[in-house]
Amino acid sequence: MKNLKLLAIAGIALGLFSCSDDPVLPEAPQVSIKSISGLEEVAQKDTLALVATVTSSDETDIAWKINNEEVQAGDTLLFTAEEMGNYEISLKAVNAGGEHTATFAVDVFGMFRDGTFVLNEGNMTSENGTLIFISPKGVAIDSVYQKVNGSELGNVTQDLFIVDNKMYIIAQNGDRMGGDGMLVVANAETLEKEAAFSNEDLAELSWASHVAVIGNSAYIRDNAGVYLLNLDSKALSFIEGTAGAMKNRMAVANEKVFVPAGKKILVLQNGEVKSEVELPGTISGLLLSADDKLMVSCSGSPSYILKLDPADYSIIKQNEIADFSVSAGWGASPGIGAKGDTVYFGSGTKICQHILETGATSVMTDVSEHIEHAGIVYNNLGVHPTTGEVYFNTLKGFGMDYLINDITVFNFSKEAPQMVHDFKDYTNFPAGFFFTANYR
């Protein structure tokens with residue numbers, strides 16, 4: 001018994017001494033992934049910066065994977081993707097104490113989903129229309145439709161409309177110079193062509209200029225009035241009572257199409273004229289406002305800027321503009337643009353601002369003071385509905401001078417006007433600005 005007790009004591013002592021020599025292992029690391037921008041989505045070919053946050057008491061190795069394929073080590077991943085879709089980003093951290101993995105989901109959307117388009121008419125005798133894209137980061141790319149599809153838009157493109165992730169582009173002269181059609185339908189995120197209607201398909205139309213779409217019905221304005229096109233059957237019919245529809249953009253609200261026609265707005269629904277709204281002057285601009293009302297300008301002396309309820313056609317606010325003419329000129333785009341109830345219009349090369357609530361109107365800047373060549377204002381300004389930045393198209397002149405041109409972008413949120421961009425020599429007779437944010 002005495003020997004057993006001695007052995008037990010010796011064993012305990014040996015255990016105590018041997019435990020004191022064992023290394024102390026660190027705890028397993030903790031890791032998380034953070035998007036520097038705070039976003040969980042990114043456009044095709046753009047970059048989303050992701051950073052690793054690692055908590056560890058020991059040296060740690062980390063590795064990134066995209067959809068389970070290891071791509072790199074390091075604490076930062078600059079993620080970019082060529083294809084749309086959902087991607088799983090994983091980050092594995094390993095130290096002597098163990099490992100931990102964090103995941104982060106990224107949605108990659110089409111590179112043309114968000115941004116600004118400038119539609120070029122081209123030239124009726126020498127070139128088809130083209131489409132310029134300006135990204136939210138201020139990068140301009142010309143001829144984007146052609147670069148995506150390897151084919152061209154129609155001749156003298158005048159207008160486009162975006163709905164249900166589709167872009168509808170109308171060309172006055174259609175496919176007569178080998179373009180894809182009088183009406184082209186493309187994916188609004190990728191610009192890949194989905195359908196095209198040829199001159200033969202739309203033979204009844206004469207100088208088609210503007211388009212609006214509800215469901216499978218396209219409303220197309222031409223010299224005679226407005227036609228209804230069934231996008232599935234290709235059946236085309238004239239809408240009685242639309243003679244006199246102006247060569248300017250239509251607006252869609254409450255499942256109705258609002259068409260400028262002289263001193264009145266034609267209200268179309270289900271292929272018929274449902275109502276007419278009389279206004280105090282000749283319409284020079286009609287657009288959907290941020291609160292889903294209609295912003296309207298009327299030219300003349302005096303001119304007017306007013307807000308209309310598309311539900312009952314009542315006038316919410318009507319302001320007289322005594323010192324300026326709010327005109328669209330010969331342009332095929334609205335003479336006004338707006339962010340909320342702050343409205344902008346052009347007066348020659350001057351950009352004017354009108355505050356609907358107060359009725360105050362002021363000149364914000366003269367574009368000719370910012371650029372060298374502002375000989376001709378071609379079509380009308382546009383206003384980004386989110387940033388409030390004002391876009392303006394100018395040419396040096398006609399003849400070959402049209403190739404010398406500027407797309408200028410102005411910010412009026414500070415005390416002094418700021419020209420934040422000047423995109424030189426991109427346009428070929430621009431038909432207007434189209435902001436994807438207006439079609440949400």
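Since every read-out is calculated from the coordinates, none of them should be taken as a lab result. Note that the structure is predicted; figures quoted are calculated from it, not measured. Virtual Cβ from ideal backbone geometry, glycine too; neighbours counted across all protein chains shown.
Things worth noting here:
- In this calculation the C-beta distance from residue 311 to residue 204 is compared with R0 = 45 Å, giving a FRET efficiency of 0.85.
- The aspartates and glutamates within cross-link reach of residue 274, meaning a Cα-to-Cα straight distance under 15 Å and a gap of 8 or more places when in the same chain, are 240, 255, 312.
- Violating pairs (Cα-Cα greater than 32 angstrom) within the set 166/350; 247/339; 137/193; 166/293: 166/350
- Within the range 245-269, backbone nitrogen closer than 11 Å to the virtual label 7 Å beyond the Cα of residue 292 toward Cβ: 253-255
- Based on the Stokes-Einstein relation at 10 °C and a viscosity of 1.306 mPa s, and on the Kirkwood radius from alpha carbon pairs, the range 284-430 is assigned a translational diffusion coefficient of 102 µm²/s.
- Close amide H pairs (under 5 Å, H built 1.01 Å from N) link residue 41 with 107, residues at least 5 positions away or on another chain.
- In degrees, nearest ten, helix 2-20 long axis to first principal axis of the chain (Cα): 30
- Radius 10 Å from Cβ of residue 293, net charge of other residues (Lys, Arg +1; Asp, Glu -1): -2
- The calculated FRET efficiency for the pair residue 330 and residue 357, based on their C-beta separation and a Förster distance of 45 Å, comes to about 0.90.
- Formal net charge of residues neighbouring residue 61 (Cβ-Cβ distance under 15 Å; K, R +1; D, E -1): -3
- Lysines with Cα under 23 Å of residue 65, excluding same-chain neighbours fewer than 8 positions away: 34, 45, 92
- With the convex hull of the Cα atoms taken as the outline of the chain, the averaged projected area works out to 31.8 nm².
- Efficiency of FRET between residue 195 and residue 165 - r from beta-carbon atoms, R0 22 angstrom, step 0.05: 0.95
- Summary value for the chain: 9 percent relative contact order, contacts being C-alpha pairs under 8 angstrom separated by 6+ residues.
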